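Working notes for the structure below.
The values are calculated or read from the model by the stated rules, or taken from the named source; none is laboratory data. Given the structure is predicted, the values throughout are model-derived calculations rather than measurements. With ideal geometry, Cβ positions are generated from the backbone for all residues, glycine too; neighbour counts draw on all protein chains shown. All accessible areas refer to the heavy atoms of the entire protein, side chains included, with ligands and DNA or RNA removed. Shrake-Rupley method; radii C 1.70, N 1.55, O 1.52, S 1.80 Å.
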Amino acid sequence: MKAVIALGSNLGDRRAHLEAGLAALRTLGPVVPSPLVMETPDESGRGPAYLNTVAVLVTGETDPRRLLEALLRLELGEGRDRSAGRNAPRTLDLDLITTDGPPGSWTWAAPEDLRALGPELSLDLPHPRAFSRPFVLEPWRALSDPGACGGVIPRN
C-alpha cells in the first residue's frame, strides 16, 4: 500500500524530530519525503510554530487501521505526550492523509498498547482537513510525483 503521511513538530529540535520521524517511517517501508519543509503557526495558540513535511510511504501493510496504529506507536516512540490533550504542542505528529486504497471511515477498539489514547481509535480517509491545510498541500505538491498515491493529487 502507498500512503501519504504528514509529519509535524513544534517542540524541542523540530528538524531533528522530523528526521527521526522519517527514520521511524522507514521501519515500515520505503519513504519518499518532500523536499519542502514548511514552518507554520500553532493553530491552538498554545505552542511554538510547527515544522511540517509530507512523505509517501510504501508499506506491506494493507489495512489502513493497522497503519494508523503503527504511526501512533512511532509517535509514542519519538516522545509524543498525549496527556496534555488534543492540539497540544508535540515532538512528532504523524497524520495518515490518504492511501491508494478505497476511502472510508473506521472506528475500532484500541489495541491494549494504545488504550492510553482512548478505548477506540478512528480513521477517516482521506484526512478530512488535509485539502484545506497549506502545510500539507505545499510539501505534497513538491514531491516529484505528487499523484503517486492512488492518483490523488492535491488541488492547486
For Thr59, state whether it is polar (S, T, N, Q) and open to solvent by less than 70 Å² (accessible area, probe 1.4 Å). yes
If a residue has to be at positive phi, open to solvent by 70 Å² or more (accessible area, probe 1.4 Å) and small (Gly, Ala, Ser) to count, how many in segment 84-141 make the cut? 0
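Got a sec? Which strands (runs of 3 or more DSSP E) wholly within segment 1-77 have at least 1 residues that are among the basic types (Lys, Arg) and out of contact with any helix residue (DSSP H, G or I) (no Cβ under 8 Å at 6 or more places or on another chain)? I'd like the intermediate steps shown before the answer.
Values: elements: 2-9, 31-33, 38-40, 50-58.
Of the strands (runs of 3 or more DSSP E) lying wholly inside segment 1-77, those with at least 1 residues that are among the basic types (Lys, Arg) and out of contact with any helix residue (DSSP H, G or I) (no Cβ under 8 Å at 6 or more places or on another chain) span 2-9.
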Would you tally the residues in segment 69-78 being modelled with pLDDT under 95 and buried (at least 18 other Cβ atoms within 10 Å of the Cβ)? 2
Can you tell me which condition Asp81 does not meet? The list is (1) surrounded by fewer than 21 Cβ atoms within 10 Å (Cβ to Cβ); (2) of a type outside the set (Lys, Arg); (3) touching a strand residue (DSSP E or B) at 6+ places or on another chain (Cβ under 7 Å), and all the others hold. (3)
Search segment 1-51 for residues being β-branched (Val, Ile, Thr) and without any contact (Cβ under 8 Å) to a residue 60 or more places away in the chain, and hand back the single one that is least open to solvent (accessible area, probe 1.4 Å). Val31
